[in-house]
Amino acid sequence: MTRDLFETERSAVPLADGAVLLPGFALPFEEEILAGVAAVAAAAPFRHMTTPGGFRMSVAMTNCGNAGWITDRRGYRYDAADPETGSEWPAMPAAFGVLATRAAAAGGFPGFVPDACLINRYEPGARLTLHQDRNERDYDAPIVSVSLGLPATFLFGGSERTDKARRVPLAHGDVVVWGGPARLAFHGVAPLKDGTHPLLGRARINLTFRKAL
Ligand code: MD6
Ligand code: FE
């Protein structure tokens, strides 16, 4: 974390009213975050969940925190327990909360305290179609999304599905924050291109922090 002392913070890139890209914001936290992901995945392994329509998601997921996002034939929702084990999701590593709170503040949303962290693992070809995050109890809190590993193209649209989505390249360490007037923006991830990342190999890891409860 001593990097902060020597590197000037790279400047925020506005994506929409209420949405911002923070290039490299997570880099000072890289080691702690990757250690945290490994610890969470040891207790709650990545798995491919099923959509309510019966499709297997190409993105593998796990969670930590008081609530975890899940999907199955019954729908999308948050649950305190991992349906695979029946146990509570692992606690959110301290560094995760610190990163999420700082990134939210840098994005214009001070006082953000997430209670849910969804961890997504993309392998080449995996994608996430355009959607809104609307399973949270209130929409006052922003979403903080941290990208690690292989680069991806984030699709960021408006509040209507038909609004044209812009394509935002995301690199290892980038953070996107959206809330306020952008909270219900449609977003997704284009199919991951093949490649090898020095730390993560053929994978992209995304952490999505939310206040769900
Ligand atoms: C990402 N993930 O993986 C963004 N939203 O970069 C999401 O936007 C997301 O993975 C709702 C539910 C699951 C997700
Ligand atoms: Fe989402």
Worksheet entry | In the range 101-122, residue farthest from ligand 2 (Cβ to nearest atom) [restricted to those that are part of a loop (DSSP other than H, G, I, E, B) and either of a type in the set (A, V, I, L, M, F, W, C) or closer than 19 Å to residue 70 by Cα (or both)] | 113
Practice prompt. Only residues that are more than 10 Å from ligand 1 (Cβ to nearest atom) and part of a strand (DSSP E or B): list them for the range 183-213, please.
Written response: 197, 201, 209
Item to complete: Exactly one condition in (1) closer than 16 Å to residue 183 by Cα; (2) in contact (Cβ under 8 Å) with a residue 12 or more places away in the chain is not met by residue 110; state its number.
Response: (2)
Worksheet item: Looking at the range 127-149, which of its residues are more than 14 Å from the chain's Cα centre (by Cα), more than 9 Å from ligand 1 (Cβ to nearest atom) and not charged (D, E, K, R)?
Response: 129, 130, 139, 141
Worksheet entry | For residue 125: the one exception among (1) away from ligand 2 (no atom under 12 Å from the Cβ); (2) over 21 Å from residue 39 (Cα atoms); (3) crowded, with 16+ Cβ neighbours inside 10 Å | (3)
Worksheet, complete the sentence: Within the range 133-164, the count of residues that are within 19 Å of residue 20 (Cβ to Cβ) and surrounded by 15 or more Cβ atoms within 10 Å (Cβ to Cβ) comes to 18
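Of all the strands (runs of 3 or more DSSP E) wholly in the range 12-98, which have at least 3 residues that are of a type outside the set (Gly, Ala, Ser) and free of Cβ contacts under 8 Å to residues at least 12 places away in the same chain?
Working: elements: 13-16, 19-22, 60-65, 68-72, 75-79.
Fully inside the range 12-98 and qualifying: nothing.
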Worksheet item: Is there any pair with a first residue in the range 142-165 that is within 24 Å of residue 111 (Cβ to Cβ) and assigned to a loop (DSSP other than H, G, I, E, B) and a second that is of a type outside the set (A, V, I, L, M) and at pLDDT 95 or above whose Cβ atoms are under 7 Å apart and which are 6 or more apart or on different chains, and what are they?
Response: 142/107; 142/109; 142/112; 142/178; 142/179; 142/183
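Table: residues versus (1) within 24 Å of residue 12 (Cα to Cα); (2) within 16 Å of ligand 2 (Cβ to nearest atom).
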residue	(1), (2)
139	yes, yes
143	yes, yes
146	yes, yes
151	yes, no
171	yes, no
175	yes, yes
182	yes, yes
201	no, no
211	yes, yes
Fill in: Selected residue [of a type in the set (D, E, K, R), within 16 Å of residue 146 (Cβ to Cβ) and out of contact with any Asp or Glu (no Cβ under 6 Å at 6 or more places or on another chain)] from 163, 194, 174
174
Discussion item. Would you confirm, using the coordinates I've provided, whether residue 101 is hydroxyl-bearing (Ser, Thr, Tyr), touching a residue at least 12 places away in the same chain (Cβ under 8 Å) and within 16 Å of ligand 1 (Cβ to nearest atom)?
Written reply: no
Worksheet item: Which numbered condition trips up residue 167, out of (1) crowded, with 19+ Cβ neighbours inside 10 Å; (2) out of contact with any helix residue (DSSP H, G or I) (no Cβ under 8 Å at 6 or more places or on another chain); (3) not aromatic (Phe, Trp, Tyr)?
Response: (1)
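Out of 118, 148, I need the residue that is closer than 15 Å to residue 208 by Cβ and in contact with a Ser or Thr (Cβ under 7 Å, 6 or more places away or on another chain). Which one?
Working: 148 fails: in contact with a Ser or Thr (Cβ under 7 Å, 6 or more places away or on another chain).
Selected residue: 118, the only one of 118, 148 that is closer than 15 Å to residue 208 by Cβ and in contact with a Ser or Thr (Cβ under 7 Å, 6 or more places away or on another chain).
Among what's in the range 110-122 and is over 14 Å from the mean Cα position of the chain (by Cα) and hydrophobic (A, V, I, L, M, F, W, C), pick the residue that is surrounded by the fewest Cβ atoms within 10 Å (Cβ to Cβ).
Going residue by residue through the range 110-122, those that are over 14 Å from the mean Cα position of the chain (by Cα) are 110-113.
Applying the additional criterion that residues be hydrophobic (A, V, I, L, M, F, W, C) yields 112-113.
Working: 112: 23, 113: 11.
Ranking the candidates gives 113 first.
The values are calculated or read from the model by the stated rules, or taken from the named source; none is laboratory data. The shown structure was predicted, so the numbers you read here are calculated from the model rather than taken from an experiment. All Cβ positions, even for glycine, are placed from backbone atoms using ideal geometry, and neighbour counts span all protein chains on display.
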